[in-house]
1. Rounded, prolate or oblate: which one fits the stretch 77-116, using the alpha carbon gyration tensor with axes a ≥ b ≥ c (rounded when a/c is under 1.5, else prolate when a/b beats b/c, else oblate)?
2. At 37 °C and a viscosity of 0.692 mPa s, what translational diffusion coefficient does Stokes-Einstein give for the stretch 60-138, taking Rh as the Kirkwood radius over Cα pairs? Give it in µm²/s as a whole number.
3. Going by amide H atoms built from the backbone, whose H comes under 5 Å of the H on VAL97, apart from near neighbours?
Amino acid sequence: MDPARKQVTSSAQDEDSTLKTNADLKQGFHNLSGTQTTPAGTIIQIEEISEGVFRATTEKSLYVIEYDINKCIGAASCAAIAPLTFFMNEENKAELVNEGEWDEDDIILSAAQSCPVFAIKIIIKETNEVIFPIEDIY
């Protein structure tokens, strides 16, 4: 085999395995429960509280996100507004990114407010008060 061709083939294989690794890292929370420290040092905590319902936060955030993947209809507004926090999986359902830096809290709140089926709940971490959606205004 031509040495130059071997080099290209080897690079393509290395690139392919890098892509698989990055895809594996971006699986979201669906297969992850617990605490993960990311390379940037941000700690993301994700817990499945019932089937398809996840609670997640970071050490920097004042919020806890409660997300019900069963309600998601794939509108993708959350991923468009807060792409560092949400991404769309292969089933066109939103998932939470489980590595890196998340979007700022105000952007995450806007993403939750954009969801047409209220699949994303925002809770103040310190008080456990639900600030979106407002469930009872009286």
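Since every read-out is calculated from the coordinates, none of them should be taken as a lab result. If you're wondering where the values come from, they're calculated on a predicted model, not measured in any experiment.
1. Numbers: a/c = 2.68, a/b = 1.13, b/c = 2.38.
Note, shape of the stretch 77-116 comes out oblate.
2. Numbers: Rh = 12.6 Å.
Roughly 260 µm²/s, to the nearest whole number.
3. Hits under the 5 Å cutoff: PHE86, PHE87.
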